[in-house]
Amino acid sequence: MRKSIVVVGSLNLDLVARVKRLPNPGETIIGKDFNTYGGGKGANQAVALARLGAPVKMIGKLGSDGFAKQLNDGLNDAGVDTSLLQYTTGSSGTALITTAEDGENTIVVIPGANGALLPEDLERHREQIEQAAMVLGQLEIQAATTECLGRLTQAAGVPFILDPAPAYSLSQDLLRSVTWLTPNETEAQLLLDAHYPGRQLSSPPEVADQLLKLGVRNVILKLGARGVYMAGADVENTYVDGFKVQVVDTTAAGDAFNGAFAFAVCEKGMAPRDAAHFACAVAAISVTRAGAQTSMPRLAECDAFLKKSKPKFLA
Ligand code: RIB
């Protein structure tokens, strides 16, 4: 039987102001427009997987407000199995996002119900986690819950992709449970600062090497439009190039990458390098449109994109 991919993490309603440029601290600027989108790193990764055609279950927590129904409906419409979502009293997760014309953004996350997802909630769904083809996590839920997720996946031998965003210092136990760690450069620096204070790292191979020394099995260092650098036990050390596209909104590009990478490995049986190439294409498509979950492409669109596009640095 086809195994599900399980995403454990956050669901946020994204409140998005579009502006010409990001304001400086203390500055007031007039924005262009305002929209709400389904977001949250966990939910975005689940939608990325579902749009591509993967069977995906989401474990997370919603509040008792109106946003909860909107977020749940958004996942259902995308094809995510929401039967494992739980509810608590109070507000759902929200994210205040400002998106500039050049595609850059700032994000403030208010965890709300996401912060109430506890280790015992994962224990309740232990069987689903243990039977998953792969488990995806991020860091917008309580640290203790992520630690518990690492323990459960490791004990069951289930591959675990951890997106360390937003980054904070991670325990060695958690790092040792991770199959694929997928930080961007800023997040990698933050993770390493905790273990090697004051040490300046320069090149992606050096950063990846230091992260591997902390015990993770593989690292995919996200380099934005440049693509990724991969290293570890299951892949030869390599750069995978990004694609040149017209950037509209970079929100959730990293989530698109993680969902697509998991899809390519689990559903298409791709080797990690090929999966990263596919995931770079999916992330590139996602930045050409506004919003988080709204920007996740379907498989046919990705296949068409890959047929006509060359990676940026390989022309
Ligand atoms: O990764 C993008 C996401 O970060 C947004 O959707 C927002 O909700 C925050 O979680």
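The values are calculated or read from the model by the stated rules, or taken from the named source; none is laboratory data. Here the structure is a predicted model, which means the values were calculated and not measured. Cβ coordinates were reconstructed from backbone atoms using ideal geometry, including for glycine residues, and neighbour counts include every protein chain displayed.
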Checklist entry - Has the stretch 274-287 got at least one residue that is surrounded by fewer than 17 Cβ atoms within 10 Å (Cβ to Cβ) and either away from the ligand (no atom under 16 Å from the Cβ) or under 23 Å from residue 54 (Cα atoms) (or both)? => result yes
Next on the checklist: Restricting to the stretch 5-56, count the residues that are surrounded by fewer than 24 Cβ atoms within 10 Å (Cβ to Cβ) and of a type in the set (Lys, Arg).
Outcome noted: 4
Checklist entry - Can you name the residue in the stretch 222-247 that is under 14 Å from residue 178 (Cα atoms) and of a type in the set (A, V, I, L, M, F, W, C) and is also surrounded by the fewest Cβ atoms within 10 Å (Cβ to Cβ) among such residues? => result 233
Item to check | Pairs, first of a type in the set (Lys, Arg) in the stretch 37-50, second away from the ligand (no atom under 11 Å from the Cβ), C-beta under 9 Å, six or more apart | outcome: none
Item to check | Unmet criterion (only one of (1) within 16 Å of the ligand (Cβ to nearest atom); (2) part of a loop (DSSP other than H, G, I, E, B); (3) more than 15 Å from the chain's Cα centre (by Cα)) for residue 35 | outcome: (2)
Checklist entry - Do the conditions hold for residue 112, that is, is it crowded, with 19+ Cβ neighbours inside 10 Å and closer than 22 Å to residue 50 by Cβ? => result no
Checklist entry - When the residues of the stretch 73-109 are filtered to those that are in contact with a Phe, Trp or Tyr (Cβ under 9 Å, 6 or more places away or on another chain) and among the polar types (S, T, N, Q), which remaining residue is surrounded by the most Cβ atoms within 10 Å (Cβ to Cβ)? => result 92
Next on the checklist: If residue 155 meets every condition in (1) assigned to a helix (DSSP H, G or I); (2) under 11 Å from residue 179 (Cα atoms) apart from one, which number is that one?
Outcome noted: (2)
Item to check | Which listed residue, of 135, 108, is under 17 Å from the mean Cα position of the chain (by Cα), within 14 Å of the ligand (Cβ to nearest atom) and β-branched (Val, Ile, Thr) | outcome: 108
Item to check | Whichever residue in the stretch 2-32 is within 16 Å of the ligand (Cβ to nearest atom) and touching a helix residue (DSSP H, G or I) at 6+ places or on another chain (Cβ under 6 Å) and, among such residues, is farthest from residue 259 (Cα to Cα) | outcome: 13
Checklist entry - Take the residues of the stretch 85-105 that are within 16 Å of the ligand (Cβ to nearest atom) and either acidic (Asp, Glu) or touching a Lys or Arg at 6+ places or on another chain (Cβ under 6 Å) (or both): which is nearest to residue 16 (Cα to Cα)? => result 99
Checklist entry - Would you pick out the residues in the stretch 57-73 that are farther than 22 Å from residue 142 by Cα and either modelled with pLDDT under 95 or away from the ligand (no atom under 15 Å from the Cβ) (or both)? => result 66, 69, 73
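Table: residues versus (1) of a type outside the set (A, V, I, L, M); (2) touching a Phe, Trp or Tyr at 6+ places or on another chain (Cβ under 9 Å).
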{"residue": "220", "(1), (2)": "no, yes"}
{"residue": "223", "(1), (2)": "no, yes"}
{"residue": "240", "(1), (2)": "no, yes"}
{"residue": "251", "(1), (2)": "yes, yes"}
{"residue": "255", "(1), (2)": "yes, no"}
{"residue": "259", "(1), (2)": "yes, no"}
{"residue": "263", "(1), (2)": "yes, yes"}
{"residue": "268", "(1), (2)": "yes, yes"}
Checklist entry - Considering the stretch 154-170 alone, what residues qualify as being touching an Asp or Glu at 6+ places or on another chain (Cβ under 8 Å) and either crowded, with 24+ Cβ neighbours inside 10 Å or within 13 Å of residue 137 (Cα to Cα) (or both)? => result 158, 163, 164, 165, 166, 167
Item to check | strands (runs of 3 or more DSSP E) contained in the stretch 202-270 and holding at least 2 residues aromatic (Phe, Trp, Tyr), in contact with a strand residue (DSSP E or B) (Cβ under 7 Å, 6 or more places away or on another chain) and away from the ligand (no atom under 16 Å from the Cβ) | outcome: none
Item to check | Qualifying positions in the stretch 28-52 - of a type in the set (D, E, K, R) and farther than 15 Å from residue 77 by Cβ | outcome: 32, 33, 41
Next on the checklist: All but one of (1) touching a strand residue (DSSP E or B) at 6+ places or on another chain (Cβ under 8 Å); (2) more than 14 Å from the ligand (Cβ to nearest atom); (3) free of Cβ contacts under 8 Å to residues at least 24 places away in the same chain hold for residue 82; state the number of the condition that does not hold.
Outcome noted: (3)
